[in-house]
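The values are calculated or read from the model by the stated rules, or taken from the named source; none is laboratory data. Note that this is a predicted model, so its numbers are computed, not measured. Cβ placement follows ideal geometry from the backbone for every residue including glycine, while neighbour counts extend to all protein chains displayed.
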Amino acid sequence: MTSIDVQTLTKLYGNKRAVDDLTFSVRPGRITGFLGPNGAGKSTTMRLVLGLDRPTRGSATIGGRRYAELTEPLRRVGALLDAQAAHGSRTARNHLSALAVSNRIGARRVEEVLEEAGLAQVGGARIKTFSLGMRQRLGIAAALLGDPEIVMLDEPSNGLDPEGIIWIRELMKRLAREGRTVLVSSHLMNETSSFADHLVILGQGRLLADLPMQEFLESRSSPRTRVRTTEPTRLRDLLARRGHTPTQGDDGRLTIEGVKAEEIGAIAAAEGIPVLELADERTTLEQAYLDLTTSTAEFASAPIQSDPQQEA
């Protein structure tokens, strides 16, 4: 299978550096989440990979070749950048058929991807009658049309209902299991955490992180344990004597910073303290992402200020 390789990629629009000296690779057999705030350069990078724009400096290649050099490119790369790009007066089937003919793809494959995307019953309907979610499914069907080695999706869950979100999540996982290269840009951190194996994170056009999901989360967090017991006072005093500083929530659970659950469990067991719940608390992808990128966001909301008169 084929990888995407970005080397010292730079794109200037006037004096603005949309992409600034980027170097990373997207490897087969895993789902790479492509993250970053608005204006970070994600869409520009994807356009450069697909030959829709030219780099000022550096390169973006697919299996060592530029996209423009590929013959029958839909057989190598399938991409969804804009679900609204399909002509509204065409039917879904005609839209896919035109793409298929241009890359010598048979008509049977058109029917297969319509079925896979859940659009078989509306293949003869005009695209202008489609909802956002249906257009999104059509864009994904087009990306799959050539049975490509590489799939690039920009916000694939946009407009999908819960069933559709589950469908695209499982589809991406299947593609990765088959050894394909999957690059997915998204702003939905909870959704990304459910499917991504690896992360590439941008900020102001620069590379901020390029590492496995779990490694990224561990690098942005410290150990913390949550425990619930029938003897919280006894356990709290015991932990305090061991140098820990547990805090007790309204629900009675104790939280201990800087220590893993296995250590707390061993301490409780040694003293015969019954434990009803014991778990490591890990930083979420959203928390870790915001911690990394907040200072690089081009558009950031101002903190919400409380109204003293309302609090009085």
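A few notes on this one:
- Subset of the range 71-91 (residues that are in contact with a Lys or Arg (Cβ under 8 Å, 6 or more places away or on another chain) and not basic (Lys, Arg)): Glu72, Leu81, Ala83, Gln84, Ala86, Gly88, Ser89, Thr91
- Scanning the range 43-72 for residues being of a type outside the set (Ser, Thr, Tyr) and within 27 Å of His187 (Cβ to Cβ) gives a total of 13.
- If you filter the range 264-285 down to residues that are over 31 Å from the mean Cα position of the chain (by Cα) and surrounded by 14 or more Cβ atoms within 10 Å (Cβ to Cβ), you find that the one that is nearest to Gly36 (Cα to Cα) is Ile264.
- Qualifying residue in the range 50-68 (condition: surrounded by 15 or more Cβ atoms within 10 Å (Cβ to Cβ) and either in a helix (DSSP H, G or I) or not assigned by TED's automatic domain parsing to the domain that holds Leu22 (or both)): yes
- Any hit, the range 148-168, residues being touching a His at 6+ places or on another chain (Cβ under 8 Å) and in the same structural domain as Asn38 (by TED's automatic domain parsing): yes
- Among the residues listed as Val259, Val227, Val184, the single one being within 14 Å of the chain's Cα centre (by Cα) and surrounded by 15 or more Cβ atoms within 10 Å (Cβ to Cβ): Val184
- If you go through the range 74-115 and pick out every residue that is within 29 Å of Asp20 (Cβ to Cβ) and either outside the structural domain of Arg206 (by TED's automatic domain parsing) or surrounded by 20 or more Cβ atoms within 10 Å (Cβ to Cβ) (or both), you end up with 5.
- Among (1) under 30 Å from Gly58 (Cα atoms); (2) out of contact with any Leu (no Cβ under 9 Å at 6 or more places or on another chain); (3) assigned to a loop (DSSP other than H, G, I, E, B), the one test that Ala176 misses: (3)
- Count of the range 242-256 residues, restricted to those that are under 16 Å from Thr229 (Cβ atoms) and either surrounded by 14 or more Cβ atoms within 10 Å (Cβ to Cβ) or among the polar types (S, T, N, Q) (or both), is 8.
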